[in-house]
Amino acid sequence: KDKIRTVEKNKEYVVEIIYNGFEGEGIAKIYGYTIFVPNAIKGEKVKILIVKVLSSHAFGKIIEVIEASKYRVESDCSTYKRCGGCNLRHIKYEKTLEMKQNAVQSLVNKTLNNKIKVSKVVGMENPFYYRNKAQYPVGLDKNGNNRTHEIIQMQDWKIQHKESEKIAKYIFDLWNKEKLSIYNETTGKGLLRHIVIKIGFKTNEIMCILVVNGVDIPNEAQIIEQVVNRFPNVKTIVKNINTKNTNVILGKENINIYGDGTISDKLGNLVFKISPLSFYQVNPVQTEKLYSIGVEAAKITNDDVVFDLYCGIGTISLFMAQYAKKVYGVEIVEQAVEMAKENAKINGIDNVDFFAGDVEHVLDDLINRKKIIPDVVMIDPPRKGLDKKSIQNLLSVAPKRLVYISCNPATLVRDLASFEDKYEIKSITPVDMFPF
């Protein structure tokens, strides 16, 4: 028999890219075997080097683009290939939106009975410098010098607010000037682990979080004074204690060393307070579009009782409360619920109740014990989607309208399939929250 031809590691091949996968990677076939090729675009002919071979697929790296796609552009970022923060910077922005729409459409086609046409992706007019939160790991380079995983030096980061980078660099330089220690992942020793910056886009208020492996920062007062003098918009500096050997960035304990540990920002006509541990959408420009699409789709009237499940700090709950009779928000992170209650007060909204707890249990309690029946339900679950019990509870009370905001299209369509017997899916609109 002919020996089955297999793909070999460290060997070069010329391949045609037949489509793009869910992360934007190119996909080729050699001897019927799938090859994933980062930075390749459907329709291109490329020479690749095979870098990894597994039983069902392999990974290749582009050595040369032989026939380039008309959508290929020269990346505008010096660290693009090494950073991992973006994976589509080599493609024209309009084309990336089309790719994202197709990715959602193919999931719909595979999973749902109703092969509804996915709307065009709502993009950004100016898809640069859009993130209001930056998390910079700090570490040691090969020579034992401090540097800010493998960690690469940052230069003009195109997706991050420009001020974030300036402040992080300044704090880092101060740290070095004071000869303070940097965390070493291998030994678990050293003080500074991360610098996290959060910015209110509309208020220009800035929060700095110093994630430290310990409690005391030597010369803390001088460091605070210099940061605040240099950047007057820094409203608060928080010391976050993380002494665990973990890749989770923030620990549970926060100590405010300057200001009250919160900043505020505006979304639409509302003001929101943000704390170190509370979740706030990282792209405020697109968040306004996302929420207005969601609230509009919910068609809320002043007779409606609304549930907002996974409500975070109450952002969308408070938008809906302006139109509804009553809103109930549910969120598992207790600190976020505290912030949500405070945000309701700040905005003078009194027809909202927030509950801290696991959605599965609180929803069950609201419906089956408190006998509160919602007219409209807004859900914005984590990446793993909804649990079976919540789906059953929602189907049993059958609210008139459901709006599902999802950060993971794969679990979205899986959950929508459970609702298809009882509900008609009216529209699916992707919003580009993370350009490139």
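Data overview
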item	result
Selected residue (only one of Leu366, Leu416, Leu402 is assigned to a helix (DSSP H, G or I) and within 24 Å of the chain's Cα centre (by Cα))	Leu416
Enumerated strands (runs of 3 or more DSSP E) restricted to segment 225-329, each holding at least 2 residues that are among the basic types (Lys, Arg)	234-241
Single residue of segment 215-224 satisfying the filter (of a type in the set (A, V, I, L, M) and part of a loop (DSSP other than H, G, I, E, B)) that is farthest from Asn204 (Cα to Cα)	Val215
Residues within segment 216-262 that are more than 17 Å from Val196 (Cβ to Cβ) and in contact with a Gly (Cβ under 8 Å, 6 or more places away or on another chain), tallied	1
Set Arg369, Arg401: member being open to solvent by 20 Å² or more (accessible area, probe 1.4 Å), on the phi < 0 side of the Ramachandran plot and modelled with pLDDT of 95 or more	Arg401
Qualifying residue in segment 161-172 (condition: among the basic types (Lys, Arg), at pLDDT 95 or above and over 28 Å from Asn245 (Cβ atoms))	no
Selection count where residues are open to solvent by 30 Å² or more (accessible area, probe 1.4 Å) and either closer than 21 Å to Asp353 by Cα or touching a helix residue (DSSP H, G or I) at 6+ places or on another chain (Cβ under 6 Å) (or both), scope segment 385-397	2
When residues of segment 317-349 are limited to those that are among the charged types (D, E, K, R) and closer than 17 Å to Ile300 by Cβ, the one least open to solvent (accessible area, probe 1.4 Å)	Lys326
Yes/no for Ser390 being over 26 Å from Tyr130 (Cβ atoms), in contact with a strand residue (DSSP E or B) (Cβ under 9 Å, 6 or more places away or on another chain), small (Gly, Ala, Ser) and modelled with pLDDT under 95	yes
Looking only at segment 267-279, and only at residues there that are under 19 Å from the mean Cα position of the chain (by Cα) and more than 15 Å from Val238 (Cβ to Cβ), the one that is modelled with the lowest pLDDT	Phe279
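The values are calculated or read from the model by the stated rules, or taken from the named source; none is laboratory data. Quick caveat: nothing in here was measured; it's all calculated off a predicted structure. So basically every Cβ, Gly included, is an ideal-geometry build from the backbone, and we count neighbours across all protein chains shown. Side chains included, ligands, DNA and RNA excluded: accessible areas come from the protein's heavy atoms. Shrake-Rupley method; radii C 1.70, N 1.55, O 1.52, S 1.80 Å.
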